[in-house]
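The values are calculated or read from the model by the stated rules, or taken from the named source; none is laboratory data. Owing to the predicted nature of the structure, the values given are computational and were not obtained by experimental measurement. Cβ atoms come from the backbone with ideal geometry, glycine included; neighbour counts cover every protein chain shown. Ligands, DNA and RNA are stripped out before the accessible areas are found, and what is left, the full protein with its side chains, is counted by its heavy atoms. Shrake-Rupley method; radii C 1.70, N 1.55, O 1.52, S 1.80 Å.
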Amino acid sequence: MKSKTSSFNTTIFKKNLTHYWPIWIVYLCYLIVVVPLSIWLYANNESNYIGNVPLTQKQYYVIGSALAGAGSVIPVFIAAAAAALAVFSYLYNPRNANMIHSLPLDRRELYITNYVSGFVFLFVPELIAFIAGVLVCLANQITCIQYLFYWFLYMAGVSFFAYALAVFVAMLTGNIFAMPFYYLAVNYLWIGCMKMVQNISSLICYGVSDTWTSSQTSRLSPLDYLIRNLVMGVKYDKDYVQAVGVTISGGKTVAVYAVAAVVITVFAYFLYKNRKIETTGDVVSIAALRPVFRWISGICGGGLIALAVSALVLEYIKVNEFISLMIFMVIFGSICFFAAEMVLQKNFRVLCKKELQSGLVLWRLC
């Protein structure tokens, strides 16, 4: 028996595909260039081969060289952010938000339809690029097409996570300009905080190195971690002369992020389901996260600015590093804290008794 409650709206899906076509067309053009076109160029450029190179080595060189460029995750994250921002753009305009939510559609149907629409912007171009790449390989008598299939699986997994994270971030704000900033901050917040702590420790503690090394906790900064651990390219022999295979590493990392994407997707749905339309236009749409926004802005923003100013001052003035850093952290931390409050309240008059007490707590922490 057919269910009376629909979880997918075909009309909205078609509207998203036709209204936001530049996103998936641009992404498709990029993939066509870096996959099938790159394979064709490498396969037909005889200057890449020196001497009588066996056919197998030529194939490894062609596929590995093409995937070295196609395996970059930065364009995937950019396309994912653009897709999420497009399909949920009505959440950032009061008139559009009220109009969409007045339709005879529940939020589950809206969320699923828009979510699938945005993911199609990423998945279908990757599938087309994969098929085109296989056809180009067959036309050039390249048989090791299994590596293209691995590339497709890896990119689909990365796209799933990047898009789920972008949708989650889109639910945290009602301001269209804040969403890209939050998306970048979420991807680099952990590694940024760790580097800041190490730099501060190296300034105030003698003998402590300011060199930061990647660890398992670096997974909390997904973009940086994927750039470091998702590697594709040509595998050479020990003399780095002959191509002996194609290197594709990072499968377990992609699988972990794909599983995390499922959890993030569900969590984002509950945020959307309980989201208040009145928060449209607010920098932070979740009331419970507003204090977090203030404190992160005060501590991280103040710490980073204090490090930069302290390093600049110490080049010209001989002062105690610890004292100068603490003074700058108090000053700039307070400025960032109250600047964040101004952004939240959309008002310059924020120096009330409650906020001054919170500022004093921040000073004691510094």
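Tell me the residue from Y115, Y111 that is open to solvent by 20 Å² or more (accessible area, probe 1.4 Å) and touching a residue at least 24 places away in the same chain (Cβ under 8 Å), please. Result: Y115 is the single residue among Y115, Y111 that is open to solvent by 20 Å² or more (accessible area, probe 1.4 Å) and touching a residue at least 24 places away in the same chain (Cβ under 8 Å).
Taking the criterion of being open to solvent by 70 Å² or more (accessible area, probe 1.4 Å) and at pLDDT below 75, the residues of the range 307-318 that qualify are E315, Y316, I317, K318. Contact map, the range 274-299: first residue under 14 Å from L189 (Cα atoms), second residue among the acidic types (D, E), Cβ cut-off under 9 Å, separation 6 or more or different chains; pairs are S297/E341. Comparison of L41, L85 shows that the only residue that is open to solvent by less than 60 Å² (accessible area, probe 1.4 Å), at pLDDT 85 or above and out of contact with any Cys (no Cβ under 7 Å at 6 or more places or on another chain) is L85. Please verify whether E126 is surrounded by 15 or more Cβ atoms within 10 Å (Cβ to Cβ), closer than 21 Å to G157 by Cα and charged (D, E, K, R), treating the condition exactly as stated. When the stated conditions are applied, E126 passes them. Selection of the range 207-234 for residues being surrounded by fewer than 15 Cβ atoms within 10 Å (Cβ to Cβ), modelled with pLDDT under 90 and part of a helix (DSSP H, G or I) yields Q216, T217. Residues in the range 6-38 that are farther than 30 Å from I145 by Cα and of a type in the set (A, V, I, L, M, F, W, C): F8, I12, F13, L17. So, in the range 66-81, exactly how many residues are surrounded by fewer than 21 Cβ atoms within 10 Å (Cβ to Cβ), in a helix (DSSP H, G or I) and not β-branched (V, I, T)? Residues meeting the conditions: 3. Test P180 against the stated conditions and say whether it is modelled with pLDDT of 90 or more, on the phi < 0 side of the Ramachandran plot and open to solvent by 50 Å² or more (accessible area, probe 1.4 Å). It is true that P180 is modelled with pLDDT of 90 or more, on the phi < 0 side of the Ramachandran plot and open to solvent by 50 Å² or more (accessible area, probe 1.4 Å). Annotation: of all residues in the range 237-265 being touching a strand residue (DSSP E or B) at 6+ places or on another chain (Cβ under 6 Å) and free of Cβ contacts under 8 Å to residues at least 60 places away in the same chain, the one that is nearest to Y154 (Cα to Cα) is S249.
Residues in the range 1-16 that are surrounded by fewer than 14 Cβ atoms within 10 Å (Cβ to Cβ) and at pLDDT 90 or above: T10, T11, K14. Of I200, I204, all but one fail to be in contact with a helix residue (DSSP H, G or I) (Cβ under 6 Å, 6 or more places away or on another chain) and modelled with pLDDT under 90; the exception is I204. Please indicate, with yes or no, whether at least one residue in the range 90-101 is open to solvent by less than 60 Å² (accessible area, probe 1.4 Å), part of a helix (DSSP H, G or I) and at pLDDT 95 or above. No - not one qualifying residue is present in the range 90-101. If you filter the range 241-298 down to residues that are more than 27 Å from F119 (Cα to Cα) and touching a Gly at 6+ places or on another chain (Cβ under 6 Å), you find that the one that is surrounded by the most Cβ atoms within 10 Å (Cβ to Cβ) is G298.
When restricted to residues that are in a helix (DSSP H, G or I), open to solvent by 10 Å² or more (accessible area, probe 1.4 Å) and of a type outside the set (F, W, Y), the range 139-156 contains 4.
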